[in-house]
Every structure is written in structure tokens, then in C-alpha cells.
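Only one structure is covered here, and it is reproduced in the block below.
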Amino acid sequence: MCESFPQVKLGDLFEISKGSICPFLFPNEEFAHHSLPAFDASRGPAIEFGREIESNKTLLSEPVVLLSKLNPRTSRVSVVDPSNSYRRHCCSTEFIAYKAKQKAVSLNYYRYWFETDFFRRRLQNSAVGTTNSHVRVNPGETLNWKVPYPDIQEQNKIAEILSTVDQAIDQTQALIAKQKRIKTGLMQDLLTRGIDEHGNVRSELTHQFKDSPLGRIPVDWNVVELDTVVEFVTSGSRGWAQFYSVEGATFLRIGNLTREHINLRLDNLVRVSLPKSSEGKRTSIAAGDILISITADLGIIGVIPKQFGEGYVNQHIALVRLLPSKVDARFVGWYLSGRGGQSQFEKLNESGAKAGLNLPTIRKLLIPIANPSEQVKISEILDSIIKRIENLYSELHKLNSLKSALMQDLLTGKKPVAPLLDSEVMV
């Protein structure tokens, strides 16, 4: 760790708040309760009546930095200022509540310091317990640890810079959540009502619909068994381990499928090298093939993209090769991954298919058939929103990397912040 800033004991700057309260003695009072489950759910408190809080808690009457002492491998750090609320605040005794002993201490600066890899490693190394899942840090021990102590102006500026990045991260996460909600709604609308010649989602108020085994659908759609639009359905063979290789063809497993979309996850690939006579050639993939998980977590869908190259599937995946003259592969993939397709897998699971789906069952899955151009348009709309979500995740990754680098440089003093004190910081 770089020690460009002066080092002092944490106990020189903070003391541990010892205030105690039994909220259940105030049954009708609302408390802001900082519990571990509440932090994990929203990074903030739960608003609860005293009667709902069963055990003694730490009363928070002054601004503090909360740090979880339980299982420090999971970082739980926040700044709480009770003066900004009309409710009384209390926290689980699994939190250490650090209260500043002097004015020249920025709680937000030390909140970020507590989140550094260096400090987290120290927490993990000092935690003790009977099992790995329940280890705790000794609060008093932490007060003897050395921490950086820049002057208060530098503390505030560093916290401001990191807070700006945090705001960008929060905004990006909110956009991702919004786009996911839009995707869910669009999937339900487009895959059951379709779009008309003007590009609008059909409505029963303005368009004709009919009953079908899949529910109400546009009058010019049909419902068919998957078997009627496939060239063949197969699944992978066993014994692939002997063909594992550093280089070679892509070997797809259930871990390469995701419920987030119908694209493949390619961050954890296995390669295989097959002899020409190998029976595994039977499961060679091609662009447009639909992959369906048929064991364990049933009904995860993937579609092989164009120019994917040589690849194979294992025995836990069904490979469905469609007739491109009849259906658009991505339309079928999207439908099977949506509510209409997943409800069929859920019924099969409930009826005793937990050990796995057989290929005849896959052939009997029902899908809607729209006209070819409508299928393609629906697929393009859903693909476009997935692209937006992927771009947002890429931006989120960049922001998290930026924050990590800034924390390393600024919190330790490795990069001086003094030149920025008199100028606006653009992140």
C-alpha cells in the first residue's frame, strides 16, 4: 500500500458508538432500522415499527460510518446521518458504528477507505469464527489499525470525486433496470400480439384475435408443434472429457446459456478436438440452431449466431435445427424464452420431468407462427433492446473500473488531489 498520506490509528479519528435501544419497547414508533438484510436489499434502512424489531439494537444519534463485522468478505459500508430524518435510527449489532472524534474527519472519505481492497483484506484476515460462513471482526481491534489521514480539504475533495462516479454508477444501474422492465413488457406484447403493418403492437380493440392453445393470438397467426418446423432435434453425447483441448472447436454447456436473453455466454468456454470419426460430430452446431437445456434447470434458450464457427453441445442440451423457410430462428428462440415458452417448461417440470426432458417432448412444444417479415421485425426489436442493455453493462464496467482506479490512486495519496482543490472535477 502506498503511504503518501500521514498514517494514524483509526482510533485516533473514531470511536465506536455504544448507544443501545430496545425498539420493541416503543411498539408504535417507526424506526429507520439498518439491518444486514435491508442493506443487501437496498443499501439503506428498512422502515419498521418498534414492535417488528425483536432484539436490542445500537441507537444512532450522531452521524456514523457503518461497517459490517459479520462475514467481511461481503462489503457492507454506509454513512448514516440521523439528523436528516425525523425517525430515530438504529442498527444491527452486526454493524460497527464509527463516530468521528474530531471535526477534521470526513465520514464519506473513510467510507470509501473501508471499501478498499486493502482494508477489506485486513478485515477478512482478522475475522474469527467457528465456521467460514459466520466469522466476525473484533471492533476494538480495528481501532489500532493505521489508516491514511489527509487534511480535511483533501478528504472532502476525494469523497466528492468518488461520489460523482458513484452517482454515474447508480444512474447506469437504474437505466439497466428500466431497460430490463421494458424488455419484459415488450416480450409479452410482441410475442402474443405481434405488430401490424404500421409497426404498432396490435390491440384487440383495433385488430382481430382468436383463441388458441397458447391463448389469444392475432387472427392471421397459427400455433404449431415445434416438430413441424424442424429439420432435426438431437442432443449431445457423453464422454467429451477425453476430447478437451487447449485449442479447437467450441464446446457448449448449460453454463453458456442464460435466462437474460437468447445470446450465448462466451466468458467461460471449453475447447475440444474431435477425431473425424467421432460420434460427437452428430451434434455439430450451425448458425440459427436453437439450444435448450434439458436437465437440471430446464428450458434455458440460446440461438447460435452467424459465423460462430465449429462447435458442439453436451448431453444436457437439445439442439434444434429449424427449417429457415418456415420460421425465423430468433423469433422461435425469443418465444421459447418468454412467458409462453417458459410456462410449457414449468408444466413439464411439475409433471415429473425434473430428471430431464426427452427429445420427443421437445418436438411437441407449441410455438406461434406469424408471417416471416413480422417474425424478423419482432426479433430485431428484442435484439435491439438487448444491445442497449449490453452497452449499458459495458458502460457500468468502465465506471466500476474507473472507481477502482481512483480509489487506489486518491485514497492512498498516490495521485495528489491538491491541484484539483481549486478547480471543478469532470469525471
Original post:
Does the range 214-243 hold any residues that are free of Cβ contacts under 8 Å to residues at least 60 places away in the same chain and in a loop (DSSP other than H, G, I, E, B), and which are they?
Top reply: 216, 219, 239
Original post:
In the range 303-319, which residues are under 19 Å from residue 230 (Cβ atoms) and in contact with a helix residue (DSSP H, G or I) (Cβ under 7 Å, 6 or more places away or on another chain)?
Top reply: 303, 312, 313, 317, 318, 319
**OP:** Go through the range 189-203 and give me each residue that's surrounded by fewer than 13 Cβ atoms within 10 Å (Cβ to Cβ) and not small (Gly, Ala, Ser).
**Re:** 197, 198, 200
**OP:** Just need a number here: residues in the range 289-303 that are at pLDDT 90 or above and at positive phi.
**Re:** 1
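State the number of residues belonging to the range 228-249 that are in contact with an Asp or Glu (Cβ under 7 Å, 6 or more places away or on another chain) and among the polar types (S, T, N, Q).
Taking the range 228-249 as the starting set, the residues that turn out to be in contact with an Asp or Glu (Cβ under 7 Å, 6 or more places away or on another chain) are 237, 249.
Subset that is among the polar types (S, T, N, Q): 237.
So the answer is 1.
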Original post:
Applying the selection to the range 13-40, what residues are farther than 21 Å from residue 139 by Cβ and in contact (Cβ under 8 Å) with a residue 24 or more places away in the chain?
Top reply: 23, 24, 25, 26, 27, 29, 30, 31, 32
**OP:** Return the only residue of 205, 264 being within 26 Å of residue 331 (Cβ to Cβ), among the hydrophobic types (A, V, I, L, M, F, W, C), in a loop (DSSP other than H, G, I, E, B) and not assigned by TED's automatic domain parsing to the domain that holds residue 337.
**Re:** 205
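Quick check on residue 286: is it farther than 18 Å from residue 217 by Cβ, assigned to a loop (DSSP other than H, G, I, E, B), modelled with pLDDT under 90 and among the hydrophobic types (A, V, I, L, M, F, W, C)?
Numbers: farther than 18 Å from residue 217 by Cβ: yes; assigned to a loop (DSSP other than H, G, I, E, B): yes; modelled with pLDDT under 90: no; among the hydrophobic types (A, V, I, L, M, F, W, C): yes.
In short, no.
Considering only the range 70-86, state which residues are among the charged types (D, E, K, R) and surrounded by fewer than 18 Cβ atoms within 10 Å (Cβ to Cβ). It would help to see each step written out before you state the result.
The initial filter retains those residues of the range 70-86 that are among the charged types (D, E, K, R), namely 73, 76, 81.
Of everything in the range 70-86, those that are among the charged types (D, E, K, R) and surrounded by fewer than 18 Cβ atoms within 10 Å (Cβ to Cβ) turn out to be 73, 81.
For the range 87-183, which helices (runs of 4 or more DSSP H) that fit wholly inside it have 3 or more residues that are surrounded by 17 or more Cβ atoms within 10 Å (Cβ to Cβ) and touching a residue at least 40 places away in the same chain (Cβ under 8 Å)? Please lay out each step first, then the result.
Numbers: elements: 107-114, 117-126, 139-142.
Fully inside the range 87-183 and qualifying: 107-114.
The values are calculated or read from the model by the stated rules, or taken from the named source; none is laboratory data. Since the structure is predicted, the reported quantities are computational estimates derived from the model, not experimental observations. In this analysis, Cβ positions are derived from the backbone assuming ideal geometry, glycine residues included, and neighbour counts consider all displayed protein chains.
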